[in-house]
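The values are calculated or read from the model by the stated rules, or taken from the named source; none is laboratory data. These numbers were taken from a predicted model, which means no experiment stands behind them. Positions of Cβ are generated from backbone atoms using ideal geometry, with glycine treated the same way; all protein chains shown enter the neighbour counts. Ligands, DNA and RNA are excluded from the accessible area calculation, which covers all protein heavy atoms including side chains. Shrake-Rupley method; radii C 1.70, N 1.55, O 1.52, S 1.80 Å.
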Amino acid sequence: MRVGVHINRFNHPGGGPALGAELAAAGAAAEAAGVSWVSVMDHYFQMEFNGGAEDPMLEAYTTLGYLAGRTSTVRLGALVTGVTYRHPGLLAKIATTLDVVSGGRATLGIGAAWYDREHHGLGVPYPPLKERFERLEETLRICLQMWDPENDGPFEGRYYQLAETLCVPAPVSTPHPEIMIGGQGEKKTLRLVAQYADACNLIPSSPEELRHKLEVLRGHCDTVGRDYDSIRKTIAYGAEPVTAGDLDAFTRDIEGYAKLGLDTVILSPRLGETSEWMETFAAPAVERLAGIE
């Protein structure tokens, strides 16, 4: 099992002027530690449970572009890009650009979006949940069409109409950047994973819950004729052992998840200075998980 790290706080004691150097140090420390994935949040306000809207927050894809220039091996992505924030044609170009400048290391993590305060606060339309999922499915179809070198024609959807789906230069990743859908809703999200995604990101509260969600995903795969094993399974893990730095408790907890076919556990440390934590916790976590069958 591999280890990823989700950078989700930017409250460095040095303030904004210190964040560039801290991100560069975090990227270098992640690669030195053997971390396989580094992600950031696609939010404009910090989440309420993580300090609140008044806490610092950086725009995701600008941050990822900076990290692309400061790293060479880790895969990069927004853990869950909010579908409401960018027109899908532009999002496909943004994800392609990240893939090109990183040498093929981009993942398009995406979901239906949820943080109503930042939508209302910044004047971004916030459709009802049903519509957000419908927009998400159209966005996935648009991205796949734009990444298809044989199809640069129009796209006609209910919400989006594109006269041309040109995407030049093409992504470096083949056949296209990985698509990872975040969320674990059983009727809609996991169906979209089965139909469109290369990977999924779940946030289970226990191995038992994860087992159930994966069984639901397998059922959707059977329905649409998808190979369940072709989907990379990841979880976001920010439980007490990570925030407390208790490596032994973390290892014991994660052993229950490891038996279920997980590829990557993505750690969420909720720290303003991630670089030091990479050395003290993430590096030994990589070694521990490498030894788990």
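No other residue among THR280, THR251 is open to solvent by 60 Å² or more (accessible area, probe 1.4 Å), of a type in the set (Val, Ile, Thr) and either more than 30 Å from LEU23 (Cα to Cα) or more than 21 Å from the chain's Cα centre (by Cα) (or both) apart from THR280. Restricting attention to region 1-33 and to residues that are under 21 Å from THR73 (Cβ atoms) and touching an Asp or Glu at 6+ places or on another chain (Cβ under 8 Å), the residue that is surrounded by the fewest Cβ atoms within 10 Å (Cβ to Cβ) turns out to be ALA32. Can you name the residue in region 96-124 that is of a type in the set (Val, Ile, Thr) and not in a helix (DSSP H, G or I) and, of all such residues, is farthest from GLY185 (Cα to Cα)? Once the filter is applied, the top-ranked residue is VAL124. Got a number for residues in region 214-253 being in contact with a strand residue (DSSP E or B) (Cβ under 6 Å, 6 or more places away or on another chain) and over 24 Å from LYS188 (Cβ atoms)? Within region 214-253, residues that are in contact with a strand residue (DSSP E or B) (Cβ under 6 Å, 6 or more places away or on another chain) and over 24 Å from LYS188 (Cβ atoms) number 1. The helices (runs of 4 or more DSSP H) falling completely within region 172-263 that include 1 or more residues that are among the acidic types (Asp, Glu) map to 207-224, 240-244, 247-258.
Among the criteria (1) in contact (Cβ under 8 Å) with a residue 60 or more places away in the chain; (2) buried (at least 17 other Cβ atoms within 10 Å of the Cβ), the one VAL216 does not fulfil is (1).
The residue pairs whose first member lies in region 242-257 and is polar (S, T, N, Q), whose second member is in a helix (DSSP H, G or I) and open to solvent by 20 Å² or more (accessible area, probe 1.4 Å), and whose beta carbons are closer than 6 Å, counting only pairs six or more residues apart or on different chains, are THR251/ARG288. Filtered by the rule that a residue be open to solvent by 60 Å² or more (accessible area, probe 1.4 Å) and either aliphatic (A, V, I, L, M) or free of Cβ contacts under 8 Å to residues at least 24 places away in the same chain (or both), region 117-145 gives HIS120, LEU122, GLY123, PRO128, LEU129, LYS130.
The lone criterion from (1) touching a residue at least 60 places away in the same chain (Cβ under 8 Å); (2) within 16 Å of ILE7 (Cβ to Cβ); (3) open to solvent by 10 Å² or more (accessible area, probe 1.4 Å); (4) of a type outside the set (A, V, I, L, M) left unmet by THR264 is number (3).
Residues that are of a type outside the set (D, E, K, R) and touching a residue at least 60 places away in the same chain (Cβ under 8 Å) within region 175-209 comprise PRO177, ILE179, MET180, ILE181, GLY182, GLY183, THR189, ALA199, ASN201, listed in sequence order.
Would you point out the residue of region 1-54, among those that are among the aromatic types (Phe, Trp, Tyr) and outside any helix (DSSP H, G or I), that is nearest to THR243 (Cα to Cα)? Ranking the candidates gives PHE10 first. When each of ALA170, ALA95, ALA113 is tested for being under 21 Å from THR62 (Cα atoms) and open to solvent by 60 Å² or more (accessible area, probe 1.4 Å), the lone residue that passes is ALA170. Residues in region 158-214 that are closer than 16 Å to GLU138 by Cβ and in contact with a Ser or Thr (Cβ under 7 Å, 6 or more places away or on another chain): how many? The qualifying residues number 1.
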